[in-house]
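The values are calculated or read from the model by the stated rules, or taken from the named source; none is laboratory data. What you see is a predicted model; the values in this text were computed from it and never measured. When we count neighbours, we look across all protein chains shown, and the Cβ atoms used for this are built from the backbone with ideal geometry, even at glycine. Note: areas computed on protein heavy atoms with side chains; ligands, DNA, RNA excluded. Shrake-Rupley method; radii C 1.70, N 1.55, O 1.52, S 1.80 Å.
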Amino acid sequence: MLETLPLLQQTRFPSLSREGVTTLQVNLGYLCNQQCLHCHVNAGPKRTELMDKANIDAVLDYLRSAKIRTLDLTGGAPEMNPHFRYLVSEARKLDVHVMDRCNLTILEEPGYQDLAEFLAMQQVEMVASMPCYQKENVDGQRGKGVYDLSIRGLQRLNRLGYGQADSGLVLNLVYNPGGPFLPPGQNELEADYKQQLRAAHGIEFNQLLTLANMPIQRFGSTLISRGQFDEYMALLTASHSDANLATVMCRSLLSVDWQGHVYDCDFNQMLKLPLTRKAAGPAVVAKQGKTHLSELIGVDLAGEPIVVSGHCYGCTAGQGSSCGGALS
Ligand code: SF4
Ligand code: SF4
């Protein structure tokens with residue numbers, strides 16, 4: 001795979017600082033039942049990296065001590081981590097809102113048939129990948145057969161109450177473009193998705209979140225090999241909006257890797273750009289490498305600088321992009 005970081009580091013992206021931490025986003029490992037082209041973590045069925053029980057407990061300790069209100073679980077397929085259900089149920093006991101970034105097909109995998117019921121019982125918010133409402137596009141981007149399995153997964157979630165009015169079970173879908181272009185308007189696309197999925201499959205969901213593709217990892221490497229990297233970066237840079245800087249997710253989110261180390265966001269995690277703590281003073285900066293989550297118990301991160309690079313334009317281009325969809 002071709003490295004994108006050397007191409008991203010010469011950047012004029014504005015400096016950013018952290019407001020605090022309200023959301024902890026935890027990558028439970030790179031194991032996944034799928035292997036999608038745009039995947040920014042290079043996840044797949046052969047990956048062996050998985051967060052262990054000691055680090056799961058470190059996550060729970062941090063949730064407790066920092067009074068985090070939202071735990072956002074990602075991977076890979078986070079549900080394939082053997083400690084997934086333990087983490088979810090312990091976090092729910094702390095009254096933490098849990099989000100599961102689910103690829104939908106995992107709900108139909110052998111050994112996971114009761115997963116949807118568990119998620120509903122724990123009132124986990126589902127954030128499900130669905131890059132299009134048309135079969136050809138979904139199978140083209142995520143693999144043959146993924147569309148049909150995803151539809152079955154969505155219907156299963158609907159039967160449990162997900163996406164239905166007044167059920168309290170939230171089902172949001174995630175769209176990302178199938179190539180080096182920006183997502184269309186979130187509201188217009190959501191209306192199309194709702195109409196098409198309801199008419200064809202009787203599927204209901206709450207919101208569509210549109211995300212831009214990041215010029216890193218597998219997608220970035222593909223851009224380089226196809227000679228499209230510079231053009232895509234030029235598009236992101238030209239579409240930058242300062243108005244999106246106030247709400248980029250790194251201002252309130254902390255990202256944790258499968259070994260318990262912390263980053264400003266999932267993308268920095270994938271680029272191996274660890275959290276920095278300049279405001280903590282020269283002694284901390286001098287010994288700084290990767291910081292483990294357990295070292296942040298009792299530490300106020302407000303005002304600390306965020307590590308930015310060229311890929312950050314992926315968050316601020318056009319209507320903006322974050323784990324919660326468009327920013328503006
Ligand atoms: S389902 Fe998600 S984590 Fe798995 S390969 Fe596809 S994009 Fe990556
Ligand atoms: S990629 Fe986005 S979320 Fe991550 S540091 Fe840059 S602006 Fe913040």
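Quick rundown of the values:
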{"read-out": "Cα shape, the range 1-90, gyration tensor, a/c 1.5 rule", "value": "oblate"}
{"read-out": "All lysines inside 29 Å of residue 272 as judged from Cα atoms, apart from same-chain residues fewer than 8 positions distant", "value": "46, 53, 67, 287, 290"}
{"read-out": "DSSP-defined beta bridges in the chain - what % are antiparallel, rounded to 5", "value": "25 percent"}
{"read-out": "Positive minus negative residues near residue 202 (Lys, Arg vs Asp, Glu; Cβ under 13 Å)", "value": "+4"}
{"read-out": "Over the chain: helical MRE at 222 nm, DSSP H runs n ≥ 4 each giving -39500 (n - 2.57), nearest 500", "value": "-9000 deg cm²/dmol"}
{"read-out": "Virtual spin-label span in nm between residue 86 and residue 121, 7 Å along Cα→Cβ", "value": "1.8 nm"}
{"read-out": "Solvent-accessible area per residue for the range 150-247 (1.4 angstrom probe, square angstrom)", "value": "45 Å²"}
{"read-out": "Descending Cα extents along the principal axes, the range 212-266, whole Å", "value": "35, 32, 12"}
{"read-out": "5 angstrom amide H check on residue 210, placed H, neighbours 5+ away", "value": "175, 326"}
{"read-out": "Full-extension gain in nm, residue 11 to residue 164, via 0.36 nm per residue minus C-alpha separation", "value": "50.6 nm"}
{"read-out": "Solvent exposure ordering (accessible area, 1.4 Å, most first) of 53, 46", "value": "46, 53"}
{"read-out": "Partners for residue 194 among aspartates and glutamates (Cα-Cα distance below 14 Å; same-chain residues under 8 apart left out)", "value": "204"}
{"read-out": "Spin-label pair residue 37/residue 247, simplified geometry with 7 Å Cα→Cβ offset, distance in nm", "value": "3.1 nm"}
{"read-out": "Calculated from backbone phi, Karplus (6.51, -1.76, 1.60) coupling profile of the range 202-216 in Hz, x at Gly/Pro", "value": "x, 8, 10, 8, 7, 9, 9, 10, 9, 10, 7, 6, 8, x, 9"}
{"read-out": "Additional length obtainable on full extension of the chain from residue 188 to residue 113, 0.36 nm per residue less Cα span", "value": "23.6 nm"}
{"read-out": "Separation between Cα centres of the range 233-283 and the range 124-196, rounded to whole Å", "value": "26 Å"}
{"read-out": "Gyration tensor verdict on the chain (Cα atoms; rounded if a/c is under 1.5, prolate if a/b is larger than b/c, oblate otherwise)", "value": "oblate"}
{"read-out": "Cα gyration tensor category, rounded, prolate or oblate, for the range 1-151 with a/c compared to 1.5", "value": "oblate"}
{"read-out": "Distant-in-sequence amide H partners of residue 16 (H built 1.01 Å from N, under 5 Å)", "value": "306"}
